[in-house]
Amino acid sequence: MNYSRLTLVLPDEWHEFVIAELFDLDFEGFEEYDDQLIASIPAQRFDDTKRQELELILHRYSEEAYIGQEEIIEPQNWNSNWEKSIRPLAIGRFYVRPTWGAASADDDEIELIIDPKMAFGTGYHATTRLMLNEVSSLIKPGDAILDAGTGTGILGIASMKLGAGSVFGFDIDEWSKENAEENKHINHIRNFDIRLGSIEQIPPDAKYDGILANINRNALIELLPDMISHLNPGGWVLLSGVLVEDEAMMFEQPSLKSFRHLKTSAEGEWIAMTFRG
């Protein structure tokens, strides 16, 4: 599958806001530079209608913003670009690295070996870091975890290494499923079931002790009622992919009204919210 790679000329102060909106247009990968934002989307999903929507989004934030360049990238070329930029990161209790990165020298760190493809979730985005920082205080030994929009599989793998008994993950992107499967095997993880698709992939009678959902705001709002129906009494929900300004909107979701809000953590313009039933 080829990808359209667009160079957006845009002041860096607006990058996080535009990224949040581009998730809703099916964009999947982003690279940030001073006054440029490079965004990638499966070529078959980018048409004239989406190009017009993108232009409207850019103009809302800056009249001088525009699409500077558009090119088609083959998957293997994308992976090569990722390998040049991905470096090990220490995030909370975790040490996240690609297979070509140096191993951690700290015995107390939990190592997550993540080789990215097109899938979201390398540790370089604020939402992934927020989720990793919070999940270590939530997982209990033997927990059954639902990982919505698993991406690279990083959160499911982290959950298993924290002692979860099983993880069920799903993602609508074929590349994500393939990438998550590869990362699962690299980390020698079992009991992490990864499915291609959305909420319909969850077995009807499945119950979980915790839900991880790092997906865009609109998808969260749409999927939360069904996901929460699979949560055990007293279970928790950790979600991200929303901006600080969207926090009030999340509190208003009917499916969360009966839940206790435990915490909201923030990094830049992004937040992660924790609830318990």
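The values are calculated or read from the model by the stated rules, or taken from the named source; none is laboratory data. None of the values given here were measured: they were computed from a predicted structure. Methodologically, a virtual Cβ is constructed for each residue, glycine included, from the backbone with ideal geometry; neighbour enumeration extends over all protein chains shown. The protein model used for the area step is the full one, side chains on, heavy atoms only, and it has no ligands, DNA or RNA in it. Shrake-Rupley method; radii C 1.70, N 1.55, O 1.52, S 1.80 Å.
Per-residue counts of other Cβ atoms within 10 Å, averaged by peptide: what ranking do you get for 179-186, 210-217, 195-202, highest first?
210-217, 179-186, 195-202
Among the listed pairs Lys177/Lys207; Lys184/Lys257; Lys50/Lys207, which are separated by more than 30 Å between their Cα atoms?
Checking Cα-Cα distances, Lys184/Lys257; Lys50/Lys207 exceed 30 Å.
Ordering Thr49, Thr127 by how much accessible area each has at a 1.4 Å probe, largest first, what is the list?
Reading off the accessible areas and sorting them downward yields Thr49, Thr127.
On a full-extension model of 0.36 nm per residue, what is the gain between Asn232 and Glu74, subtracting their alpha-carbon distance, rounded to one decimal in nm?
52.6 nm
Can you compute log10 of I(q)/I(0) for the chain with the Debye formula, treating each Cα as one identical point scatterer, at q = 0.13 Å⁻¹?
For the requested q values the scattering log ratios are -0.87.
Can you tell me the 0 to 90 degree angle between the C-alpha axis of helix 174-186 and the longest principal axis of the chain, rounded to 10?
50 degrees
Would you calculate, for the chain, the mean residue ellipticity at 222 nm contributed by helices, counting each DSSP H stretch of 4 or more residues as -39,500 (n - 2.57) and dividing by all residues, to the nearest 500?
-9000 deg cm²/dmol
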